[in-house]
Amino acid sequence: MNRKHIIGGLLLVASTIACASVTNPVIGKLLWSEEFNAASLDSTLWSTYDGNGCQIGLCGYGNQELEYYRPGNLSIVNVPFEPATRALAITAKREVMGANQFTSGKLDSAGKVQVKYGMIEIRAATPSVSVGLWPALWLLGTSPQAWPRKGEIDIMEQGGRQPAGLPAVSPDQFVGSNVITFNEAACVPGNESCAASTAWQTKNWVTPTRSLANRFVLYRLYWTDTQIRFTLVDNGRELDMYKAPISTVGSPALQEPFYLLMNMAVGGNFTPAATPAQVTAPLPATMYVDYVRVYELDGKGEVKLGVGITPEAGKFGVFTDNTPVTNGQALGTSADFFIWNTGSMGGGNIPAFEGSNVLALNYFAPGQWFGGAVQSRQVHDMSGFRNGNIKLKIKVPANVAFKIGILDTYTNHSWVTFPANTTAYGLVRNGEWGTATIPVAEIAGPLVALQSMNSLFEFLSVDGSNPGAPFQMAFDDIIWDSGVAGVAPMVVSAPALAKTAAVPTASAQTGATTLELAATATGWVDVHYTVNGGETQTVRMRQDGSASRYTVGGLKKGDVVEYRFTSWDGKSQVATDSSAKRVTMK
């Protein structure tokens, strides 16, 4: 659904393999479903959009779309042409909203439901798209990286331009799929995003024998660690979008969790309608989604509610070769290294302190700023390290001032400074390899959300102290050390920065399978909970004034839910943790 300019078929379509699991699938148990049978949309699973993209600096959502998305264009209704069925209704209207002449609806499950592998089945009915409507059922990677590095999987898109050479067919009888990832080979003029699309000059569509308008069909995504397959099931007949499965080997983004999105755009560069006058689709028009279901596929598949991040513990290796760690990341597979100002800095030749790898840098433009970062490809929960330290080896001339920083997924940066010719954080400024030990509580400060981290290491020049001569510097053996051997505590605090809070909290069983958790605080609140001692789920709670709420679903009698809260105290400007509590479902 994110388009911009896409060229280069760089994710290759695999040749048909007789034993390929996606072509001979063994479908297992139902892992999760959203049936859209309630009176209204479940806000614990879905977030709605309110805007035209300009509110996030991306007018038209990067696709030159013509609509303004409104929560009011989303509802759960009885389907007019199938009255016994309740479904999500996404309605596009010819309605003025600010500078937009159309409104429509869009929702996603970011931070609430994420899927990795399995068979995703969506029963949906689209309206007559004619020229201008662009209904889509799709997924984006949960990585903090920007699109297309995080990956995109389009299960269904309708309303697009038809390829040259295809016999003329109604737009209501043409539907396709797509996969988009980052590929350096696609970095050519006109495609600065380096987006590589499997649909480029490749058959990725089906043309059903009758119109898809106002009737339900099934859209399926078969997804494993090696292949992806898209199909349309129409009146019991399963049709492949692509001629053969798509290989995911060598595409790390496609082997990580994704979240769900559903919307119906009006106009945009995917459609033939670039202006409001070119939209001929009859409006209002509604896409109905009966359900979304996720099944095991050949024993693979997982669905996590909430942020779905397992907290890191013990020692975490950001960049290291030989130091024993509990967990870690590696450049090129789970992290990337970026130099921010390539006009002042490039690769250097300082040998590694340990192992064979080193972040060696050459500063060649005196008077200019420098900086860079090791960016994680997936979010990391580092909340168990607040009482620990970041330890790293540094080699830099004594007269160079610099900063070390970290970044969360909410774009909060925080830094500590290493002045020139001054010992700081244990680093003796003699120009040789030395060790710096930075308290996590100090570098995180009150703003950085350790439970949702993007970059675990950044470096930057100091404003007003840009070097006056060329030099080389290097970093190695970068470790986050919690000070706890392999187990993150349930509640972690740091003096003056993260305190055990006495915020009012409550829990109430609201049904046979649901438990509502609530906390009263002036700022944001995250809830951390486990069910029967399983993986910790972290969720940013829905806030209404000073009350924040979240409903845990899918429970049963006897389940034990343990929970605690992290809240932002705006008055004291600190993050605080509540004590842990436990409740048993009745």
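Applying a DSSP loop filter and a limit of 13 other Cβ atoms within 10 Å to the trypsin sites (Lys or Arg not before Pro) in region 79-174 leaves ARG161. Per-residue extension of 0.36 nm, minus the Cα-Cα distance of ALA164 and ALA506, leaves a gain of 117.1 nm for this segment. Within straight-line reach of LYS391, meaning a Cα separation under 25 Å, sit the following lysines at least 8 residues removed in sequence or on another chain: LYS315, LYS403, LYS499.
What aspartates and glutamates sit close enough to LYS557 to cross-link, taking a C-alpha to C-alpha distance under 17 Å and skipping anything fewer than 8 places away on the same chain? Correct list for LYS557: GLU516. Counting other Cβ atoms within 10 Å as a rough exposure proxy, the listed residues HIS380, HIS528, HIS413 run HIS413, HIS528, HIS380 from fewest neighbours to most. Projected onto the charge dipole of region 27-305 (+1 at Lys/Arg Cβ, -1 at Asp/Glu Cβ, origin at the Cα centre), which of LEU166, GLN64, TRP200 gives the Cα projection farthest towards the positive end? Of the options given, the answer is LEU166. Between ASN24 and ASN78, the contour length at 0.36 nm per residue exceeds the Cα-Cα span by 15.9 nm. Remark: TYR69, TYR242, TYR410 ranked as TYR410, TYR242, TYR69, counting other beta-carbon atoms within 10 Å and listing the fewest first. Assuming charge only on the beta carbon of Lys and Arg (+1) and of Asp and Glu (-1), the dipole of the chain about its Cα centre is about 680 debye to the nearest 20.
Applying 1/(1 + (r/R0)^6) with r as the Cβ-Cβ distance of LYS556 and ILE339 and R0 = 56 angstrom yields a FRET efficiency of 0.60. If R0 is 45 Å, the Cβ-Cβ spacing of ASP50 and VAL428 corresponds to a FRET efficiency of close to 0.25. Listed values for region 173-184 are Karplus-derived 3J(HN,Hα) couplings in whole Hz (6.51 cos²θ - 1.76 cosθ + 1.60, θ = phi - 60°), namely 10, 9, 9, x, 9, 6, 10, 10, 9, 7, 8, 4, and x replaces Gly and Pro. Taking θ as phi - 60° and the Karplus parameters 6.51, -1.76 and 1.60, the scalar couplings of region 265-270 work out to 6, 10, x, x, 6, 7 Hz in sequence order, x denoting glycine and proline.
Determine, from the Cβ-Cβ distance of VAL249 and ASN349 and an R0 of 35 Å, the FRET efficiency 1/(1 + (r/R0)^6), rounded to the nearest 0.05. About 0.55, to the nearest 0.05.
Beta carbons within 10 angstrom, averaged per residue: use that to sort the peptides 354-363, 332-341, highest first.
Values: 354-363: 17.3, 332-341: 14.8.
Most protected by this proxy first, the peptides run 354-363, 332-341.
Each Cα pair under 8 Å and six or more residues apart adds its separation to the average, and for region 119-215 the resulting relative contact order is 30 percent. All C-alpha pair distances within the chain, sorted into 20 Å bins from zero, spread as 19, 49, 30, 3 percent across the bins.
Multiply the residue gap between THR520 and LYS581 by 0.36 nm, knock off their C-alpha separation, and tell me the result in nm, one decimal place.
Numbers: separation 61, 0.36 × 61 = 21.96 nm, distance 1.56 nm.
Going from the current span to full extension adds 20.4 nm.
Residues whose amide H lies under 5 Å from that of LEU133, counting only those 5 or more places away or on a different chain, are GLY267, ALA281; hydrogens are built 1.01 Å from N in the peptide plane.
Under 8 Å for C-alpha pairs, at least 6 residues apart: give me the relative contact order for the chain, rounded to a whole percent.
Numbers: 1621 pairs, mean separation 84.0, N = 586.
Reported as a whole number, the value is 14 percent.
Close amide H partners of GLN227, meaning residues 5 or more places away or on another chain with modelled amide H under 5 Å apart, are THR248. Pairs exceeding a 19 Å alpha-carbon distance, out of LYS29/LYS116; LYS150/LYS243; LYS116/LYS300; LYS106/LYS304: LYS150/LYS243; LYS106/LYS304. A rounded overall shape is assigned to region 27-305, the ratio a/c of its alpha-carbon gyration tensor axes (a ≥ b ≥ c) being less than 1.5. Here's the picture: charge each Lys and Arg Cβ at +1 and each Asp and Glu Cβ at -1 in the chain, and of ASN399, LEU515, THR320 the one pushed furthest to the positive end of that dipole is LEU515.
Normalised by the residues of region 315-481, what does the relative contact order come to in percent, with Cα pairs under 8 Å and at least six apart? Spell out each step's value before the answer.
Working: 433 pairs, mean separation 57.8, N = 167.
Taking the mean separation of contacting Cα pairs over the length of region 315-481, I get 35 percent.
Each residue of region 308-323 was assigned a 3J(HN,Hα) from its phi angle through the Karplus expression (A = 6.51, B = -1.76, C = 1.60, θ = phi - 60°), giving x, 9, 7, x, 6, 8, x, 10, 10, x, 7, 7, 7, 10, 10, 5 Hz with x at Gly and Pro. Under a 5 Å amide H cut-off, with hydrogens placed 1.01 Å from N, VAL484 pairs with GLY314 among residues at least 5 apart or on other chains. In plain terms, the residue of PHE364, PHE475 with the fewest other Cβ atoms within 10 Å comes first and the most crowded comes last, giving PHE364, PHE475.
Counting only DSSP H runs of at least 4 residues, each contributing -39500 (n - 2.57), and dividing by the residue count of the chain, the helix-based mean residue ellipticity at 222 nm comes to 0 deg cm²/dmol.
Laboratory data are not the source of any read-out in this text; all were calculated from the coordinates shown. Just so it is clear, the structure is predicted and the values come from calculations on it, not from any experiment. Please note: Cβ atoms are built from the backbone with ideal geometry, for glycine as well, and neighbour counts cover all protein chains shown.
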